[in-house]
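Asker: Quick one: the structure is below, questions incoming.
The values are calculated or read from the model by the stated rules, or taken from the named source; none is laboratory data. Note that this is a predicted model, so its numbers are computed, not measured. With ideal geometry, Cβ positions are generated from the backbone for all residues, glycine too; neighbour counts draw on all protein chains shown. Just the protein is used for accessible areas: all its heavy atoms, side chains included, with ligands, DNA and RNA removed. Shrake-Rupley method; radii C 1.70, N 1.55, O 1.52, S 1.80 Å.
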Amino acid sequence: MAQLSHSQAREWIEQASDGLLEASEQRALEGHLKTCAECRAFAAELAGLEGALAAAMKAEWPQKGLTKASESELIKNVQSGFQPGGFSFPFGGLGILLILILLVLGLFGASQLFPGGAKAEPTATDTPTATSTATSTLVPAVIPSETVAVQILTAIPLQNANCREGNGSVFEIADTLFAGEEYSPIGRGFDNLWVLFEGPSFQTNCWVFLENLTLLINDDPVQIEQVSETLLPFVNYPPTPTPSPTLTFTPEPSETIAPSLPECNDGVDNDNDKYTDLRDPQCRNAQDDDELNR
Amino acid sequence: MDKDQLAKCRSGDPKAIEDLVHEHQARIFRLCLSILDDAADAEDATQESFIAALKALKNYRGDSAFHTWLFSIAINTSRHYLRQRKRRTVLTNTLADPSISHGTGKQNPEREFMETEKSQALLQAINNLDEKHRLPIILRYYHDLSTQEIAETLGVNVGTIHSRLSIARERLGGDLKRTQGINRTT
C-alpha cells in the first residue's frame, strides 16, 4: 500500500474520530501512526480536545433531566396543550383550496342556471347552511364527473429537508420535512427552484429546495414545470435578510476570531468533491452556506 | 416507542402521552438546555417540543428513529427560542460564580483551577462558534450522537457534518491554545 501523507493521515484521524473510516483505511492509518510521531501527536491532541469538550459540557449541563415535580407539570401541560381529533381538511391547505374551488364553481353554476341572479335562491351571500343544499345538487350538473379529475399534489422529501424562511441557506431554518413522508406544498417561487409548505411542526410557512423533493400528482411523479399554477401557485420570495452579527461576546483584540464565511466562499472544499466554492456545482452563490445541499 | 403507543399518543391518550414524555423528557430537556443555556427557557422549549411533536405525529412514518425525529423538532423549537430572544447567551455566566464548582473534588487545587479555566475557555469558545458548527459539536460531545445521527437530526449529509465538526474542532483547539498561551504569559 502506498505511504500515507501527513495531511491524508490527519484527515483519516479525524474521520476515524467521527466513525467514518473504512476498516482497511483504519489499518493503514495504524501502520502510519506507528512510524510517525508527528501524526501520533496530532491524534493525541485531538483525543485530548474531544475529552475536554465532553467533560466541559457535561459539567456545565449535568446529565439529568427535569425534577419529578417539573416532569409532572410538563406531562400535565403537554396533555392539555395537545388537542387531537379536531377537524382538519384532507390534504391540508390543498384541501381547503379544492373546497373553495368547488364552492366557487358551484356558485358559478348557480348563476348559470338562474340567470336572473337576484331571484335565484339561495344567493351568493347566503350562509353556508343556506347554500349547502343548492351546492350539493348543482355541482354535479355543472361539472360532469368525467371532467373533474381531481388532482392531488403532494411532495415527498428524498432526505430530511430543511424548511427555511426563504429561498436560500442565508435564511433561518423554520422547520424540517422528514424523508419519505408526504406533505402538501402550497406554493412555489417564480424560478421553480423552491417550494413553499406550511411547516409540519410549527405551522409557519417555509421553503424547501426543489432538489430535495419528489413532487407527485395523484401519486405519480411529476416535474414542477408540469404542475399547473392552480395546483401550485407562484408566491413571491421574502426579501433576503441583511446579515447581522451573531456574536455578543467581544474578544480581546489579541484574540480576534475569524468570522464564519459561507461554505461557498471559504476557500475550502467542504464536501470533498474536488470542487471548491463557486466551482462546486452545488453552490448557488457566494452566500450559499452549504456545498452539498442547495 | 412502538407504533401502537404512538397511535395512542396521536389520538390523545393521556397515559400514552405521559409515557412518551417520561421516556424522552430527560434527553429533550438536556438538548434544549445545551442550546439555550437557560433552564427556564429549556423547560418551556421542552414542553413546546413535545406538543409540536404530538401535532406532527400524523406525519411521522418511522423512516428515522423516533428519538432522532424528536431531536429535530426540539432543535427547531430551540432555534425559535433563540430567534425570539434575539441574543446569544454567554455560556460562562454561571461559571463566573465562584460558589459553583465544576471540578471533580479531590484534585490538587492548582490543577483543579487550571482544569476549570480550560473548561471555561472551551465553553466560551463553543459559544463563539456559529450555529452550524456549534450544534454538531454539542450533539457529538454532549449528547454522544454519532455522525450519522447528527446528519439525520440536522437534515444534512454525513460528509457535511464531518466537515463542520472538523472546522469546529480546529477553531476550538486554536482558541484553547491561544487562551492557554495568554494565561501562561499573565
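Asker: Based on what the data block shows, is B:Ile75 at the interface with another protein chain (Cβ under 9 Å from one of its Cβ atoms), modelled with pLDDT of 90 or more, within 16 Å of the chain's Cα centre (by Cα) and within 24 Å of A:Cys206 (Cα to Cα)? Working first, answer last.
Answerer: Numbers: at the interface with another protein chain (Cβ under 9 Å from one of its Cβ atoms): yes; modelled with pLDDT of 90 or more: yes; within 16 Å of the chain's Cα centre (by Cα): yes; within 24 Å of A:Cys206 (Cα to Cα): yes.
Spelling it out, B:Ile75 is indeed at the interface with another protein chain (Cβ under 9 Å from one of its Cβ atoms), modelled with pLDDT of 90 or more, within 16 Å of the chain's Cα centre (by Cα) and within 24 Å of A:Cys206 (Cα to Cα).
Asker: To continue, here is another question. Before we move on, is A:Ala41 more than 18 Å from B:His162 (Cβ to Cβ), at the interface with chain B (Cβ under 7 Å from one of its Cβ atoms), at pLDDT 85 or above and in a helix (DSSP H, G or I)?
Answerer: no
So that you can scan it fast, the table gives a plain yes or no per residue for (1) part of a loop (DSSP other than H, G, I, E, B); (2) in the same structural domain as A:Asn167 (by TED's automatic domain parsing); (3) open to solvent by less than 60 Å² (accessible area, probe 1.4 Å); (4) modelled with pLDDT of 55 or more:
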| position | (1), (2), (3), (4) |
| --- | --- |
| A:Ser254 | no, no, no, no |
| A:Pro259 | yes, no, no, no |
| A:Asn270 | yes, no, yes, yes |
| A:Lys274 | yes, no, no, yes |
| A:Arg284 | yes, no, no, yes |
| A:Asp290 | yes, no, yes, yes |
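Asker: Looking at the range A:59-68, can you tell me whether even one residue there is at pLDDT below 90, open to solvent by 60 Å² or more (accessible area, probe 1.4 Å) and part of a helix (DSSP H, G or I)?
Answerer: Yes: one or more hits.
Asker: Moving on to the next point. Look at A:Glu211 and say whether it is on the phi < 0 side of the Ramachandran plot, touching a Phe, Trp or Tyr at 6+ places or on another chain (Cβ under 8 Å) and at pLDDT below 90. Even if it seems obvious, please write down each step before you answer.
Answerer: Working: on the phi < 0 side of the Ramachandran plot: yes; touching a Phe, Trp or Tyr at 6+ places or on another chain (Cβ under 8 Å): no; at pLDDT below 90: yes.
For A:Glu211, the condition - on the phi < 0 side of the Ramachandran plot, touching a Phe, Trp or Tyr at 6+ places or on another chain (Cβ under 8 Å) and at pLDDT below 90 - is not met.
Asker: Within the range B:165-184, can you find the residues that are modelled with pLDDT of 80 or more, more than 8 Å from chain A (Cβ to nearest Cβ), more than 22 Å from A:Asp271 (Cα to Cα) and open to solvent by 60 Å² or more (accessible area, probe 1.4 Å)?
Answerer: Within the range B:165-184, just B:Lys177 meets the criteria.
Asker: Failed condition for B:Ala45, given (1) at pLDDT below 90; (2) in contact with a Leu (Cβ under 7 Å, 6 or more places away or on another chain), with all others met?
Answerer: Failed condition: (1).
Asker: Give the residues of the range A:47-62 that are of a type outside the set (Gly, Ala, Ser) and at the interface with chain B (Cβ under 7 Å from one of its Cβ atoms), sorted by residue number.
Answerer: Answer for the range A:47-62, where residues must be of a type outside the set (Gly, Ala, Ser) and at the interface with chain B (Cβ under 7 Å from one of its Cβ atoms): A:Leu49, A:Glu50, A:Leu53, A:Met57, A:Lys58, A:Glu60, A:Trp61.
Asker: Report, by residue number, each residue of the range B:40-61 that is within 9 Å of another protein chain (Cβ to nearest Cβ), surrounded by fewer than 18 Cβ atoms within 10 Å (Cβ to Cβ) and in contact (Cβ under 8 Å) with a residue 24 or more places away in the chain.
Answerer: Of everything in the range B:40-61, just one residue is within 9 Å of another protein chain (Cβ to nearest Cβ), surrounded by fewer than 18 Cβ atoms within 10 Å (Cβ to Cβ) and in contact (Cβ under 8 Å) with a residue 24 or more places away in the chain, namely B:Lys58.
Asker: Can I ask one more? Inside the range B:19-39, can you point out the residues that are within 7 Å of chain A (Cβ to nearest Cβ) and buried (at least 18 other Cβ atoms within 10 Å of the Cβ)?
Answerer: Across the range B:19-39, the qualifying residues are B:Val21, B:Gln25, B:Phe29, B:Arg30, B:Leu33, B:Ser34.
Asker: Report, by residue number, each residue of the range A:27-52 that is within 29 Å of B:Leu122 (Cα to Cα), open to solvent by less than 70 Å² (accessible area, probe 1.4 Å) and under 40 Å from the mean Cα position of the chain (by Cα).
Answerer: Of everything in the range A:27-52, those that are within 29 Å of B:Leu122 (Cα to Cα), open to solvent by less than 70 Å² (accessible area, probe 1.4 Å) and under 40 Å from the mean Cα position of the chain (by Cα) turn out to be A:Leu29, A:Cys39, A:Phe42, A:Ala43, A:Ala44, A:Leu46, A:Ala47, A:Gly48, A:Leu49, A:Glu50, A:Gly51, A:Ala52.
Asker: Taking strands (runs of 3 or more DSSP E) that fall entirely within the range A:150-243, which contain at least 3 residues that are more than 22 Å from B:Lys58 (Cβ to Cβ)? I'd like the intermediate steps shown before the answer.
Answerer: Numbers: elements: A:153-157, A:161-164, A:173-177, A:194-198, A:205-209, A:213-217, A:220-222.
Result: A:220-222.
Asker: As an exercise: evaluate B:Ile75 against (1) surrounded by 22 or more Cβ atoms within 10 Å (Cβ to Cβ); (2) under 25 Å from A:Thr154 (Cβ atoms); (3) of a type in the set (A, V, I, L, M) and give the number of the one condition it does not meet.
Answerer: (2)
Asker: Considering only residues that are part of a helix (DSSP H, G or I), more than 7 Å from every other protein chain (Cβ to nearest Cβ) and of a type outside the set (Ser, Thr, Tyr), which ones fall in the range B:139-157?
Answerer: Listed by number, the residues that qualify are B:Leu139, B:Arg140, B:Gln148, B:Glu149, B:Ile150, B:Ala151, B:Leu154.
Asker: Among the residues of the range A:196-231, which ones are of a type in the set (Gly, Ala, Ser), over 22 Å from A:Phe82 (Cβ atoms) and surrounded by 12 or more Cβ atoms within 10 Å (Cβ to Cβ)? Reasoning before the result, please.
Answerer: Let us first name the residues in the range A:196-231 that are of a type in the set (Gly, Ala, Ser), namely A:199, A:201, A:228.
With the extra rule that they be over 22 Å from A:Phe82 (Cβ atoms), the set shrinks to A:228.
Within the range A:196-231, no residue meets the criteria.
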